[in-house]
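What follows is one structure encoded as structure tokens, with my remarks underneath.
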Amino acid sequence: MVREWDPRTASSAEIGSVLDTLNAVLAADLPQDPPWREDSLREYLSEVMPGERRISWVAHADPPPGGGPAPIIGHVHVLLLGDIGVLEVLVHPAVRRSGLGRELVLTAARRVYQEGFRSIGVEVVGDTPAIGFYSSLGFTREYVETRSVLDLGTVDWTALTEMAAAVDPGYHLEFYPGGPSDDLIEAYARAKAEVRDVEDGELRPSSYDPQRLRDSLDTLHRRGMKPYIVLALHERTGTVAGLTEVVVPVQHPTRADQYDTIVVRDHQGYGIDRAIKARMLLELRSAEPELTEVQTWNAQANEAMLKVNAELGYQPDRDWCEYSVDVAELVHRLDTHR
Ligand SMILES: CC(C)(COP(=O)(O)OP(=O)(O)OC[C@H]1O[C@@H](n2cnc3c(N)ncnc32)[C@H](O)[C@@H]1OP(=O)(O)O)[C@@H](O)C(=O)NCCC(=O)NCCS
């Protein structure tokens, strides 16, 4: 049975059941990834940026013979933003290949269609069943990135300390746990607007204007995801010459996510990229004692960024793809398949 589900009002048992399914999926498809914890999972599933909406559904198994609540074995949500619906689907490995994934996608796609959105996008992890699944539903690949993972246990901290110091003397670096201070938001947003050398997946929109940036930092906090920023400030003008962002989610605090790294064009060639990333890792070591890994996503064409990441010790892990489909075609295809 598939039903619309609101994580805001769901029972703790249901939130726990979604977590169990998510962790079973991770164990099957991404066994090296850390399991998620229940901390702020409800907020992670409910909170959105102003102007965005997330609609969710769950699928239950039959109730257990001895009574008690029926476990949740499938989950889908769609985030409506701009003119696109971004989909995420989870089916418990014990019940795969029985048509549940297709049913969940059809349920969400019908709503996206009714709401007047034209396309659906989804992040698909390479070398998992999701590739065959979305291809079979007519989704096509728009974009591919590589996810790389840095094991902090392998880091040469002495070399890293040297890298962090090896920035041109015309700049200094500042560390901001929780996000940039409010007086820097405008300069920070300008740097993000000027260069879109984005490391992150396209489906996670970056924030280019000051209010959107404030909203995005606020949303991260509400979802239990703590942002850390290192800025390179140009001494003479006070402008933000470079920035790097890492987020530590309370749901998996041993593995952090690298978000954007940007060096503004006029300030490229002064060792800023390497230095801000090195400084970030040094700071995280004391700020987040549980942290053991950092993951990052790069376009395969972004050779400069890949080179710096390789120097830091990042190891390529998997393809991370964006697929999309026209909603009307998807609904039609799935309806005729039933
Ligand atoms: C992708 C996923 C949703 C598929 O769910 P499912 O219930 O097994 O899918 P369905 O039974 O509806 O499959 C529909 C069609 O997709 C295709 N398909 C599904 N799994 C496939 C696989 N492993 N290989 C090839 N094709 C596959 C088939 O064409 C299938 O039809 P068929 O069984 O009649 O041949 C499920 O594997 C899943 O939850 N994966 C994790 C997704 C995710 O987001 N993970 C994030 C962290 S890894």
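Coordinate-derived values only; no laboratory data. Small disclaimer: the values here were computed from a predicted structure and weren't measured. FYI the Cβ positions are ideal-geometry reconstructions off the backbone, even for glycines, and counts take in every protein chain you see.
The modelled label-to-label distance between residue 300 and residue 190, using points 7 Å beyond Cα along the C-beta direction, is 3.8 nm. Relative to the dominant Cα principal axis of the chain, helix 303-312 is inclined by about 80°. With semi-axes defined as the square roots of five times the eigenvalues of the C-alpha gyration tensor, the equivalent ellipsoid of segment 93-173 measures 44, 19, 11 Å, largest first.
Gyration tensor analysis over the Cα atoms of segment 28-89 returns equivalent ellipsoid semi-axes of 26, 17, 13 Å (largest first, whole Å). With 23 Å as the cut-off, how large is the P(r) tail for segment 203-321, expressed as percent of Cα-Cα pairs? Tail fraction, whole percent: 33. Across the alpha-carbon set of the chain, the Rg to Rh ratio works out to 0.99, Rh being the Kirkwood radius.
For segment 48-200, the convex hull drawn through the C-alpha positions has a volume of 232 cubic angstrom per residue. Counted residue by residue at 0.36 nm each, then reduced by the alpha carbon distance between them, the extension gain from residue 98 to residue 161 reaches 17.4 nm. DSSP finds beta bridges in segment 211-338, and of those with both partners inside it, around 80 percent are antiparallel. Spatially, segment 294-338 and segment 1-67 are offset by 23 Å when compared through their Cα centroids. Entry note, the chain: the mean residue ellipticity at 222 nm calculated from DSSP H runs of n ≥ 4, each adding -39500 (n - 2.57), is -10500 deg cm²/dmol after division by the residues and rounding to the nearest 500. Within the listed set 268, 295, 315, the Gaussian network model of the chain (springs between alpha-carbon atoms below 10 Å) gives the highest mean-square fluctuation for 268. Each peptide in 48-56, 82-90 receives the mean, over its residues, of other Cβ atoms within 10 Å, and ordering these scores from highest gives 82-90, 48-56. Summarising the strand pairing of the chain, around 90 percent of its internal DSSP beta bridges are antiparallel.
How high is the FRET efficiency between residue 28 and residue 70 when r is their beta carbon distance and R₀ equals 22 Å, given to the nearest 0.05? Computed FRET efficiency for residue 28 and residue 70: 0.55. Taking the chain as a Gaussian network of alpha-carbon nodes connected by springs under 10 Å, the highest mean-square fluctuation of the residues 183, 273, 215 belongs to 183.
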